[in-house]
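Please read the structure below before turning to the comments.
The values are calculated or read from the model by the stated rules, or taken from the named source; none is laboratory data. Source: prediction; values computed, not measured. A quick note on method: Cβ atoms are made from the backbone with ideal geometry, for glycine too, and the neighbour counts reach across all protein chains shown. Quick note on the areas: whole protein, heavy atoms, side chains included, nothing else; ligands and nucleic acids left out. Shrake-Rupley method; radii C 1.70, N 1.55, O 1.52, S 1.80 Å.
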Amino acid sequence: MLFVLADNQELTRLGFEQLCHRIDDAEVRIVDGKARLAVLLQHDAEAVVIIDFALFDFNDVEEFIMMAQRFREVHWVLVSDEMTDDFVSRISAEGASFCLVGKQCAIYELDQALRCATRRQRYVSNAIMEQLLSVPSRRESVNIQLTKTEKEILREIAQGKTTKEIAIARYSSFHTVNTHRKNIFRKLGINTAYEATRYALRAGLVDSAEYYI
């Protein structure tokens with residue numbers, strides 16, 4: 001069984017590599033971008049792909065789903081602590097070829113997700129199941145409040161600046177800006193810079209004449 005690690009966090013990759021090798025006849029490959037992932041899947045269309053959608057180079061959920069539909073025999077283990085309600089709901093509706101787990105899940109849940117994937121079964125961790133069940137009530141009480149700093153950083157994200165570039169311009173640390181970025185994405189219920197740009201345009205934080213989305 002081929003396991004493909006498509007996660008750009010080294011510690012996460014190392015942890016999942018050890019879990020994969022608990023399974024008999026496991027082979028593990030690592031990829032760092034969607035182009036290389038597609039090439040690999042062309043040669044093994046029944047692989048299990050372990051991926052953090054938020055940290056990979058997909059532009060949005062639609063692009064990711066297009067790849068999943070292209071490789072219908074592949075089973076996907078989606079691993080993230082930043083899955084939005086819309087993302088979880090959309091992926092759950094796509095069928096049984098997805099397992100959903102958080103990076104803070106217990107080891108037994110991560111292990112179970114991998115084993116279910118090898119059997120082509122769906123698996124949803126307890127935390128994400130609770131998230132799915134509470135989506136309606138949370139949507140009724142959404143009240144987005146960004147701080148002045150968060151609005152400024154959101155505007156810079158929409159201008160195409162990287163976290164490192166924003167940190168340098170603001171004389172801040174990478175960690176500080178990255179924390180603000182995570183808080184912004186969490187508050188807005190988004191996963192990508194593309195979605196952040198769309199929100200910034202709608203909110204009037206950037207000049208729409210300068211952008212085409």
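Observations, loosely collected:
- Pick from region 69-90, criterion at pLDDT below 80 and touching a strand residue (DSSP E or B) at 6+ places or on another chain (Cβ under 8 Å), ranking: least open to solvent (accessible area, probe 1.4 Å): V88
- Whichever residue in region 175-190 is open to solvent by 70 Å² or more (accessible area, probe 1.4 Å) and in contact (Cβ under 8 Å) with a residue 24 or more places away in the chain and, among such residues, is farthest from D57 (Cα to Cα): R186
- Every residue from region 92-106 that is surrounded by fewer than 17 Cβ atoms within 10 Å (Cβ to Cβ) and under 17 Å from S80 (Cβ atoms): S92, E94, K103, Q104, A106
- Residues in region 146-174 that are part of a loop (DSSP other than H, G, I, E, B), out of contact with any helix residue (DSSP H, G or I) (no Cβ under 7 Å at 6 or more places or on another chain) and either among the acidic types (D, E) or touching a residue at least 40 places away in the same chain (Cβ under 8 Å) (or both): 1 in all.
- Count of region 15-61 residues, restricted to those that are touching a helix residue (DSSP H, G or I) at 6+ places or on another chain (Cβ under 9 Å), free of Cβ contacts under 8 Å to residues at least 60 places away in the same chain and in a loop (DSSP other than H, G, I, E, B), is 6.
- Among (1) modelled with pLDDT of 90 or more; (2) under 22 Å from E94 (Cβ atoms); (3) open to solvent by 80 Å² or more (accessible area, probe 1.4 Å); (4) of a type in the set (K, R), the one test that R139 misses: (1)
- Residue in region 60-79 that is in contact with a His (Cβ under 7 Å, 6 or more places away or on another chain) and under 22 Å from L11 (Cβ atoms) present: no
- Conditions (1) in a loop (DSSP other than H, G, I, E, B); (2) modelled with pLDDT of 80 or more; (3) surrounded by fewer than 13 Cβ atoms within 10 Å (Cβ to Cβ); number of the one not met by M66: (1)
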